[in-house]
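All remarks here apply to the structure that follows.
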Amino acid sequence: MDVRRRPPKPPLPSAARGGGRGPASSSPPLEPPKASDALPLPLYLTNAVFFTLFFSVAYYLLHRWRDKIRDSVPLHFVTLPEIAAIVSLIASFIYLLGFFGIDFVQTFIARASHDAWEDLDDDVNRGFGCTDIVAPLPKSGDPAPVISALSSAEDEEIVKSVVDGTIPSYSLESKLGDCRRAAFVRREALQRTTGKSLANLPLEGFDYTSILGQCCEMPVGYVQIPVGVAGPLLLDGFEYYVPMATTEGCLVASTNRGCKAIYVSGGARSVLLRDGMTRAPVVRFGDVKRASELKFFLEDPVNFDTLALVFNRSSRFARLQSIKCSIAGKNLYMRFSCSTGDAMGMNMVSKGVQNVLDFLQSDFPDMDVIGISGNFCSDKKPAAVNWIEGRGKSVVCEALIKEEVVKQVLKTNVAALVELNMLKNLTGSAVAGALGGFNAHASNIVSAIYIATGQDPAQNVESSHCITMMEAVNEGRDLHISVTMPSIEVGTVGGGTQLASQSACLNMLGVKGANKEFPGANARLLATIVAGSVLAGELSLMSAIAAGQLVKSHMKYNRSSRDVTKVC
């Protein structure tokens, strides 16, 4: 359901509204049910019955149909025994498909995860706490008591095997076939190994099957992060209520005030300039001449169509846009850029790059592929190439804030905001040698929306590249504000977007899943909403600083009134 709507022309409000909600509590772990408990017969007998039924009924029907064909009897004339046989065939097929099909998928995913962990060095595995740690870590102080709540003697034996290293912790999902039970057993083994209690880390109320093989390995619980909502954000004629997952007080309230100022001034407008995810492998040759030959080959427009055809085989949505190369000695860095539909696209572009590398190997057999990523991409690191060339979605968002709104809602004036922006966001960032950091706190809003909507939080690094501009217009009465963000990396399918909570937040924005009519439209819309929210956050924080309200507001909303000594 599309939640966007065109709003009526609003009057200038005199007060803002707010609200909150307390955290949910977690229940104690319950005994996981066994699949065989619901069957009237032992599991092996039930399987044997349905196997026999399936093949015997199939044999009977095939013989009946053969006889009908010989006697020229229409196949659609069926007798009562044939109807019973068909029903039995369907029932047995459904049972076998459900039992063995689901088990095969779970086993395949779990084994893939298991093999990935087996490939890691034993020392690295021990560093993550996933192998045979026998001796507990040294205890500091008096730790909280570890409360054992095992559901059966079988779980007790498994926990002991994990603690002594007989069963690797990372293989519990594949061995037990129950993701929740695996998390429960791993959690108990971790408590015994470390001597530290995890009683306050929630376990119940989370679907651990949904993260198997794609979101998080070796889970022992989940962390609760409150989600607030700012809005309505009036952007391009539509209203959006923006979910923000954060533990920082004042952030949602401040962004909400910025949304209010934008709303009563007529809304914000956005333009998407570029949409392309990048991956840059590094290859090595024997000399500079060969490296330069490949560079010229890749950047020659004559060869682009062939390379694009090879690249685009990786996905229905991957479409190669450009290849830019850079040489360092005899090493060549190739930066591929492609559209990725509604997915963020890192895996998609990596598969396309691998196709091209395999294709080039025939004409350049002396090419030594050092790595699929050579940091010329550049992912999850501050880099000038993203600031200049862009990565993901490049968006510009602007708004015209009226003079009376600046005074009544933001409690400051246009001249003070323009001067502060010049000295803080522009000059101050230049003095600090900032790279893409010509803003007040863009990363605050980006991170909060990313966590709420299931994006990769680490990509906040380049996604928060932003320059905030402010200018007095209409003879100095009104304020023109804009944010330019060249590398917003978001998706609405894949990764954490398919988890229940994050999916609900995407649904609130009207961008859940893939857009079937216009592939990529949902991800592009999410990027513009991120930029619009950053615009609101920048406007409000800068106004608070200009009006001297920053410390006062944080003392009110970002300080706990609890006695910390008593809490300890």
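Remarks
- Selected residue (only one of Ser482, Ser464 is free of Cβ contacts under 8 Å to residues at least 40 places away in the same chain and buried (at least 18 other Cβ atoms within 10 Å of the Cβ)): Ser464
- Within the stretch 223-234, the set of residues being buried (at least 20 other Cβ atoms within 10 Å of the Cβ) and in contact with a Gly (Cβ under 9 Å, 6 or more places away or on another chain) comprises Gly228, Ala230, Leu233, Leu234.
- Single residue of Ser487, Ser533, Ser540 found to be part of a helix (DSSP H, G or I), of a type in the set (Gly, Ala, Ser), open to solvent by less than 10 Å² (accessible area, probe 1.4 Å) and touching a Phe, Trp or Tyr at 6+ places or on another chain (Cβ under 9 Å): Ser533
- Any pair with Cβ under 6 angstrom, 6 or more apart, that starts in the stretch 263-279 at a residue that is under 15 Å from Cys397 (Cα atoms) and open to solvent by 30 Å² or more (accessible area, probe 1.4 Å) and ends at one that is part of a strand (DSSP E or B) and hydroxyl-bearing (Ser, Thr, Tyr): Leu273/Ser394; Arg274/Ser394
- Checking each residue of the stretch 368-384 against the condition of being in contact (Cβ under 8 Å) with a residue 40 or more places away in the chain and over 31 Å from the mean Cα position of the chain (by Cα) gives at least one match.
For (1) closer than 20 Å to Ala442 by Cα; (2) outside any strand (DSSP E or B), each residue gets a yes or a no:
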{"position": "Cys215", "(1), (2)": "no, yes"}
{"position": "Leu233", "(1), (2)": "yes, no"}
{"position": "Glu239", "(1), (2)": "no, no"}
{"position": "Val252", "(1), (2)": "yes, yes"}
{"position": "Asn256", "(1), (2)": "yes, yes"}
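- Taking the stretch 76-100 as the range and being surrounded by 11 or more Cβ atoms within 10 Å (Cβ to Cβ) and at pLDDT below 75 as the test, the residues that pass are Phe99, Phe100.
- Residue, nearest to Leu234 (Cα to Cα), within the stretch 368-395, restricted to residues that are surrounded by fewer than 19 Cβ atoms within 10 Å (Cβ to Cβ) and aliphatic (A, V, I, L, M): Ile388
- Flag: Glu204 matches the condition of being open to solvent by 20 Å² or more (accessible area, probe 1.4 Å), in contact (Cβ under 8 Å) with a residue 40 or more places away in the chain and either assigned to a helix (DSSP H, G or I) or in contact with a Ser or Thr (Cβ under 9 Å, 6 or more places away or on another chain) (or both).
- Residue under evaluation Pro382, criteria (1) in a helix (DSSP H, G or I); (2) out of contact with any strand residue (DSSP E or B) (no Cβ under 6 Å at 6 or more places or on another chain); (3) of a type outside the set (A, V, I, L, M, F, W, C), criterion not met: (1)
- Filtered by the rule that a residue be open to solvent by 10 Å² or more (accessible area, probe 1.4 Å), among the small types (Gly, Ala, Ser) and outside any loop (DSSP other than H, G, I, E, B), the stretch 431-448 gives Gly437, Ser443, Ser447.
The values are calculated or read from the model by the stated rules, or taken from the named source; none is laboratory data. Just so we're clear, the structure is a prediction, and the values are computed from it rather than from any experiment. Note that each Cβ is placed from the backbone with ideal geometry, even for glycine, and that neighbours are counted across all protein chains shown. All accessible areas refer to the heavy atoms of the entire protein, side chains included, with ligands and DNA or RNA removed. Shrake-Rupley method; radii C 1.70, N 1.55, O 1.52, S 1.80 Å.
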